[in-house]
Amino acid sequence: MDNSIVIRTIIPILLLIGTGFISRKTKVLKSGDERVLNAYLYYFAFPALLFINLAQSTFTEETLRFVLAGSLPVPIAIAVFSVFYLIFRFKKSTLYLLILSTIFGSLAFFGIPFVTFAFPEGGEQLATLATAAISPMSVAISIAILEIYRLEGSENGGGLFIVAKRLARNPLILSVFAGAVISLLGLDIPAPVSASLHMLGGTTSTVAIFLLGVFLYGRKYGNFGKAFGLSMLRVVFLPALAFFTTSWFGLAGISRSTLVLMHGMPIAISMIVLSERYNFYREIVASTILISSLAAGLYLNIWLVLLGY
């Protein structure tokens, strides 16, 4: 394995996570301050990164194969869990937990920085394209499942209609749509605007990993055994699905590696907020995020070894 890749990925991420954690420990940042950073990333930095990278991408047959190969593991995983649910008849809430722990990964806040650190040449654009292909579907399905969980046993059509309206205004989904339209129409973005968007989007990696450390401080953790098992869905199961889908579509090299790695990213940080909002397995979710995030530097580099780096 190329030791320089390990240095580029593990050390910057651990330093940034540690800095964010210490900022809370030393009370430089107080409880609630993370909401400001999260809002900045969610409404400004990440949408800018998605939009400008997609707008300046060229959609070819290879791009389409990349998008399809990256999208397929999510519905395949849901289908597998649904079959197990029909066979073994465990609780619906367990089915929801399995799905959310698998499909709702930190593609933007952890995935883009990691792939960028691992592959300085071309990594960011491929990671952004992968995020654009996977995140809208994963976010929509995850929020719909949480709404169903909250409204279970009652008429949930109205609740899901509200979810649909919210998703239609989601800045990440809108930025993906707008960037794709600009690219397909062949429109040029003025240089000053492009430079500003690149500068804004360029802050995503640093702030996102720092924010992870801030989020992990002061949370209540528990059920580590279950959390470890759920973490394996992101560590092994979903990346393995991506490994096979990329083979089916004939992808290789950095394209294949990017998709496998992106599907192996830790559980999304925002799942902490959502689990509290929907009262959904709060301790297990927090512990799963903790385990998958802290172990990511190790297991993602193991995937890099398996991928030939």
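The values are calculated or read from the model by the stated rules, or taken from the named source; none is laboratory data. Values in this document were obtained by computation on a predicted structure and should not be read as measured data. FYI the Cβ positions are ideal-geometry reconstructions off the backbone, even for glycines, and counts take in every protein chain you see.
In summary, L98 fulfils each of the numbered conditions (1) at pLDDT 90 or above; (2) farther than 21 Å from R234 by Cβ with the single exception of condition (2).
Taking each residue of the stretch 249-273 that is without any contact (Cβ under 8 Å) to a residue 24 or more places away in the chain and looking for partners that are among the hydroxyl-bearing types (S, T, Y) and crowded, with 24+ Cβ neighbours inside 10 Å with beta-carbon atoms closer than 9 Å, six or more apart or interchain, yields A252/T246. Would you mind stating whether A164 is part of a helix (DSSP H, G or I), modelled with pLDDT under 85 and of a type in the set (G, A, S)? For A164, the condition - part of a helix (DSSP H, G or I), modelled with pLDDT under 85 and of a type in the set (G, A, S) - is met.
Among the conditions (1) touching a Pro at 6+ places or on another chain (Cβ under 6 Å); (2) within 28 Å of I52 (Cα to Cα), the only one that F177 does not satisfy is (1). Between a residue in the stretch 134-158 that is more than 18 Å from P73 (Cα to Cα) and any residue that is at pLDDT 75 or above and small (G, A, S), which pairs come within a Cβ distance under 8 Å, given they are 6 or more apart or on different chains? These pairs meet every condition: Y149/S93. Within the stretch 207-252, if we keep just the residues that are part of a loop (DSSP other than H, G, I, E, B), exposed (fewer than 15 other Cβ atoms within 10 Å of the Cβ) and at pLDDT 90 or above, the residue that is farthest from the chain's Cα centre (by Cα) turns out to be G250. What about L68, is it surrounded by fewer than 22 Cβ atoms within 10 Å (Cβ to Cβ) and touching a residue at least 60 places away in the same chain (Cβ under 8 Å)? Judged against the criteria, L68 is a match.
When the stretch 101-113 is limited to residues that are modelled with pLDDT of 90 or more and more than 10 Å from the chain's Cα centre (by Cα), the one that is farthest from S287 (Cα to Cα) turns out to be T102.
Let's see how each residue does on (1) of a type in the set (S, T, Y); (2) without any contact (Cβ under 8 Å) to a residue 60 or more places away in the chain; (3) farther than 27 Å from N38 by Cβ:
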| position | (1), (2), (3) |
| --- | --- |
| F215 | no, no, no |
| F244 | no, yes, yes |
| Y278 | yes, no, no |
| A286 | no, no, no |
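Restricting attention to the stretch 72-105, report how many residues are polar (S, T, N, Q) and either surrounded by fewer than 18 Cβ atoms within 10 Å (Cβ to Cβ) or out of contact with any helix residue (DSSP H, G or I) (no Cβ under 8 Å at 6 or more places or on another chain) (or both). Don't jump to the end; show me each part of the working.
Of the stretch 72-105, the ones polar (S, T, N, Q) are 82, 93-94, 101-102.
Okay, now just the ones that are also either surrounded by fewer than 18 Cβ atoms within 10 Å (Cβ to Cβ) or out of contact with any helix residue (DSSP H, G or I) (no Cβ under 8 Å at 6 or more places or on another chain) (or both), so 82, 93-94.
Residues flagged as polar (S, T, N, Q) and either surrounded by fewer than 18 Cβ atoms within 10 Å (Cβ to Cβ) or out of contact with any helix residue (DSSP H, G or I) (no Cβ under 8 Å at 6 or more places or on another chain) (or both) within the stretch 72-105 amount to 3.
Checked against the criterion of being part of a loop (DSSP other than H, G, I, E, B), under 21 Å from A227 (Cβ atoms) and touching a residue at least 60 places away in the same chain (Cβ under 8 Å), the stretch 291-305 contains not a single residue that satisfies it.
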